[in-house]
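Colleague: Would you mind keeping the following structure in view while I ask a few things?
Only the coordinates and a few stated rules stand behind these numbers; no lab work does. Keep in mind that what you see is a predicted model, and the values were worked out from it rather than measured. Cβ atoms come from the backbone with ideal geometry, glycine included; neighbour counts cover every protein chain shown.
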């Protein structure tokens with residue numbers, strides 16, 4: 001055990017974090033899986049109620065209940081920084097987490113935001129993947145590494161919370177597209193796709209074809225299908241029970 005700890009990648013200036021009010025079991029599993037091979041400065045679960053059996057090494061931090069996806073997006077932009085005490089945060093979800101700790105690169109820390117590459121929209125289609133000047137933005141994603149400085153920026157700069165062109169609140173679009181010019185003007189950097197492709201994979205875009213093992217993934221699309229899917233055993237049992245009972249109830253209705 002001591003030898004394993006010694007061989008772990010040490011990231012004392014990075015907090016591993018997840019914020020959610022749903023799929024808590026799956027999210028905790030994603031956190032513990034991400035901790036394999038890495039010793040973070042802190043590991044935090046930000047949620048509205050402390051789970052009964054939180055694994056050792058994960059700290060519970062309270063937030064009001066995330067009632068919907070819009071609430072999640074708002075908190076990610078304006079409140080996440082309140083829970084982070086290190087220079088960076090590595091944000092994961094139940095469907096996106098660290099899968100290849102050996103693929104960590106120190107150059108990731110040269111940027112204030114790095115996530116999986118976004119796809120190139122088809123010509124002539126309306127999309128949100130652009131900055132205010134019309135330049136294509138290729139890097140975003142909520143499963144990401146962000147600097148503490150970037151986390152604090154939206155409130156310090158009084159950024160106005162706005163929907164994107166499609167009429168939705170998306171925190172990564174808000175930061176990496178709609179306010180990219182302000183972030184860069186403040187001296188911060190969003191990673192280019194040439195670096196982001198080594199950090200994470202979500203969409204099977206051409207740039208990631210020559211990168212077999214990303215540090216993190218998000219969503220089980222394309223080659224990401226190989227990565228673990230965690231499922232609450234009680235949810236699984238409940239589904240199995242319903243599958244058994246449903247035909248019996250149907251048969252009872254027919255006999256009436």
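Colleague: I'd like the residue in region 120-139 that is under 24 Å from the mean Cα position of the chain (by Cα) and outside any strand (DSSP E or B) and, out of all such residues, is nearest to residue 205 (Cα to Cα).
Modeller: 120
Colleague: Could you check region 1-110 for strands (runs of 3 or more DSSP E) lying wholly inside it with 3 or more residues that are touching a helix residue (DSSP H, G or I) at 6+ places or on another chain (Cβ under 9 Å) and surrounded by 18 or more Cβ atoms within 10 Å (Cβ to Cβ)?
Modeller: In region 1-110, 9-19, 38-47, 88-91 are the strands (runs of 3 or more DSSP E) which contain 3 or more residues that are touching a helix residue (DSSP H, G or I) at 6+ places or on another chain (Cβ under 9 Å) and surrounded by 18 or more Cβ atoms within 10 Å (Cβ to Cβ).
Colleague: Still on this structure, please answer the following. Within region 140-149, work out how many residues are out of contact with any strand residue (DSSP E or B) (no Cβ under 6 Å at 6 or more places or on another chain) and either closer than 21 Å to residue 212 by Cα or surrounded by 17 or more Cβ atoms within 10 Å (Cβ to Cβ) (or both).
Modeller: 2
Colleague: Condition first: under 20 Å from the mean Cα position of the chain (by Cα), part of a loop (DSSP other than H, G, I, E, B) and farther than 19 Å from residue 154 by Cα. Now tell me which residues in region 165-210 satisfy that.
Modeller: Passing the criteria: 192, 202, 203, 204, 205.
Colleague: Determine whether region 212-225 contains at least one residue that is more than 19 Å from the chain's Cα centre (by Cα), under 23 Å from residue 105 (Cβ atoms) and not in a helix (DSSP H, G or I).
Modeller: Yes, some residue in region 212-225 is more than 19 Å from the chain's Cα centre (by Cα), under 23 Å from residue 105 (Cβ atoms) and not in a helix (DSSP H, G or I).
Colleague: Additional query: Looking at region 198-219, I want the residues that are free of Cβ contacts under 8 Å to residues at least 40 places away in the same chain and have a partner that is surrounded by fewer than 23 Cβ atoms within 10 Å (Cβ to Cβ) and assigned to a loop (DSSP other than H, G, I, E, B) with Cβ atoms under 8 Å, at least 6 apart or on another chain. Which pairs are those?
Modeller: Close Cβ pairs (under 8 Å, with a partner that is surrounded by fewer than 23 Cβ atoms within 10 Å (Cβ to Cβ) and assigned to a loop (DSSP other than H, G, I, E, B)) amount to 204/221.
Colleague: So the check is Cβ under 7 Å with 6+ separation or different chains; which pairs have a first residue in region 21-35 that's in contact (Cβ under 8 Å) with a residue 12 or more places away in the chain and at negative phi and a second one that's crowded, with 19+ Cβ neighbours inside 10 Å and in a helix (DSSP H, G or I)?
Modeller: Going by the 7 Å Cβ cut-off, there are no qualifying pairs.
Colleague: Would region 141-150 turn up any residue that is in contact with a helix residue (DSSP H, G or I) (Cβ under 9 Å, 6 or more places away or on another chain), more than 25 Å from residue 86 (Cα to Cα) and touching a residue at least 24 places away in the same chain (Cβ under 8 Å)?
Modeller: The answer is no, given that none of the residues of region 141-150 is in contact with a helix residue (DSSP H, G or I) (Cβ under 9 Å, 6 or more places away or on another chain), more than 25 Å from residue 86 (Cα to Cα) and touching a residue at least 24 places away in the same chain (Cβ under 8 Å).
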